[in-house]
Amino acid sequence: MKTFALDSNILSYILKKDEKVISRLHTEQDKGHECVIPPLAYYEVKRGLLSVGSKVRLRLFEDMCRDFTVGIMETAAWDKAAQLYAIQRQSGSLVEEADTFIAAFCLVGEYTLVTNNTKHFEAFEDLDFTNWK
């Protein structure tokens, strides 16, 4: 069984009822795969919904969070994020910190990241990611 970690852009597509993304989500769930929401993706979506005052989508998001597990950044994930940052800094190509935290969360949990921003995650060696969009 696989566990998919849903990036904030994928969560937004689900909230907007994107048929392609929702169809793929259901296909994977029918196969017995699970989904988890990285804590930083949770934060990114919730802050966006609160900042624009979207009460309807906020309720939908809260319902979604009851259906999927919202992950926790354990010490091992923070340590991995620090390692990833150090590697990026030494190579001279820093990736946005939010993406580094999400990548570390996925690597430590052995999750497949689902994102529409695949270019953001190409720098992370061994990170398994896919695009449902």
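Annotations
- Length gained on full extension, Val52 to Lys2, computed as 0.36 nm times the residue gap minus the Cα-Cα distance: 14.6 nm.
- Gyration tensor analysis over the Cα atoms of segment 48-88 returns equivalent ellipsoid semi-axes of 31, 15, 6 Å (largest first, whole Å).
- Summarising the amide proton neighbourhood of Leu113: residues at separation of 5 or more, or on other chains, whose placed amide H is nearer than 5 Å comprise Ala5, Asp128, Phe129, Thr130.
- Note: segment 3-130, Cα convex hull, 103 Å³ per residue.
- Taking the charge dipole of the chain about its Cα centre, with +1 at Lys and Arg Cβ atoms and -1 at Asp and Glu Cβ atoms, the residue from Thr130, Leu60, Phe4 reaching farthest to the positive side is Leu60.
Any read-out appearing in this document is the output of simple, stated calculations on the displayed coordinates, not a laboratory observation. Given the structure is predicted, the values throughout are model-derived calculations rather than measurements. Every residue, glycine among them, receives a Cβ derived from its backbone with ideal geometry; neighbour counts consider all protein chains shown.
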